[in-house]
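The values are calculated or read from the model by the stated rules, or taken from the named source; none is laboratory data. Keep in mind it's a predicted model, so treat the numbers as computed, not measured. Cβ atoms come from the backbone with ideal geometry, glycine included; neighbour counts cover every protein chain shown. Accessible surface areas use protein heavy atoms only, side chains included; no ligands, DNA or RNA. Shrake-Rupley method; radii C 1.70, N 1.55, O 1.52, S 1.80 Å.
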Amino acid sequence: MRIVSGRFKGRVLKAPKGQGTRPTVDRVREAMASSIMSAWGGPVGGAVLDAFGGSGALGLEMLSRGASSCLFFERDRRARQTLQANIEALGLTRGEARVVPKDVQVAAAAGPLTRVPFELVLLDPPYKVPADEVWKLVGDLAAHGDLAPFCVVVYEHSAETGPGEVPPSLAAHRLALHGSKRYGIVGVTIVTLTAGNEED
């Protein structure tokens, strides 16, 4: 598993042992990055949330491509150790990459995660996590002001089961489906914040 493009192109990343995580393969990360740039209208240069960090492959890819910072959430100790090792191997500072050892769903429901809203949110949960829980997480982030105007939300899921319909409740936060693609057994759904997240 390697960084596909950017300042860390070609750098090898470690993957956590066991079956608890599912690192995104290189070709899917490359396709996702292209879709993100298309949705955003260019490179994402601001803050990123990698909500289910795992090895950190998704967030580290975006840091390599120009994101200013990435906040990783990872509650599994072994995965977190691997993620931290990958961050250190790339020489990233705490200001650029920070790991939070908490359940992102619980944290997001309790209140804001950051003082600087995210321009990009990466969601790569275990496939056993129900889609409605993932969409609730997105709604919580929007409700607490964690999403910057025109934020792009990328949800990686099983192509077989799909993410289900984007809940109508997300429309209240001006979140709308941008598109969905399939890469073999992997599906990727992109939702965008079409305007500021203030309520009318």
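Within region 98-200, list the GluC sites (Glu not before Pro) lying in a DSSP loop whose Cβ has at most 10 other Cβ atoms in a 10 Å radius.
Here the GluC sites (Glu not before Pro) that fit, given the DSSP loop and packing criteria, are 160, 165, 198, 199.
Within the accessible area of the chain, what % is carbon and sulfur when the probe is 1.4 Å and the other protein chains stay in place?
Values: 4940 of 9400 Å².
The nonpolar share, carbon plus sulfur, comes to 53 percent.
Report the charge-dipole magnitude of the chain in Debye, nearest 20, computed about the Cα centre from +1 at each Lys and Arg Cβ and -1 at each Asp and Glu Cβ. It would help to have the intermediate numbers written out before the result.
On the way: 23 positive and 21 negative charges, 203 e Å.
Here the size comes out at about 980 debye.
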Checklist entry - Roughly what would the spin-label model give for residue 102 and residue 89, points 7 Å off Cα along C-beta, in nm? => result 2.8
Item to check | Three-way shape call for region 9-155 based on the alpha-carbon gyration tensor, with the a/c threshold at 1.5 | outcome: rounded
Checklist entry - Too long at a 26 Å Cα-Cα cut-off: which of 17/128; 9/128; 9/102; 17/181? => result 9/128; 9/102; 17/181
Checklist entry - Once phi is turned into θ = phi - 60°, what whole-Hz ³J(HN,Hα) does the Karplus curve with 6.51, -1.76 and 1.60 give for every residue of region 176-192, x standing for Gly and Pro? => result 9, 5, 9, x, 9, 9, 10, 10, x, 8, 9, x, 10, 10, 10, 10, 10
Checklist entry - Once the dipole of the chain is set up with Lys and Arg at +1 and Asp and Glu at -1 on Cβ about the Cα centre, which of 85, 167, 107 lies farthest towards its positive end? => result 85
Checklist entry - What does the accessible area per residue of region 103-150 come to in Å², with a 1.4 Å probe and no ligands, DNA or RNA counted? => result 44
Next on the checklist: With the cut-off at 1.5 for a/c, could you classify region 72-200 from its C-alpha gyration tensor as rounded, prolate or oblate?
Outcome noted: oblate
Next on the checklist: For a quick check: with amide H placed at 1.01 Å from N, whose amide H comes under 5 Å from residue 97's, ignoring anything fewer than 5 positions away on the same chain?
Outcome noted: 70
Checklist entry - Once you put a point 7 Å from the Cα of residue 9 and another 7 Å from the Cα of residue 172, both along the Cβ direction, what distance in nm separates them? => result 4.6
Item to check | Residue-wise HN-Hα coupling along region 114-121, computed from phi with Karplus coefficients 6.51, -1.76, 1.60 (Hz; x: Gly, Pro) | outcome: 8, 8, 10, x, 7, 8, 9, 10
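Based solely on its DSSP helices, what 222 nm [θ] is calculated for the chain when runs of n ≥ 4 H residues each add -39,500 (n - 2.57) and the sum is averaged over all residues, nearest 500 deg cm²/dmol? Please list the in-between numbers first.
Numbers: 5 runs with 56 residues, N = 200.
The per-residue figure over the chain is -8500 deg cm²/dmol.
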Checklist outcome for this item: Taking placed amide H atoms and a strict 5 Å upper bound, the residues 5 or more places from residue 150 or on another chain that come that close are 193, 195
Next on the checklist: Taking θ = phi - 60°, what integer Hz values does the Karplus form 6.51 cos²θ - 1.76 cosθ + 1.60 yield along region 98-113, in sequence order, with x for Gly and Pro?
Outcome noted: 10, 10, 10, x, 9, 7, 5, 5, 5, 5, 5, 5, 7, x, x, 8
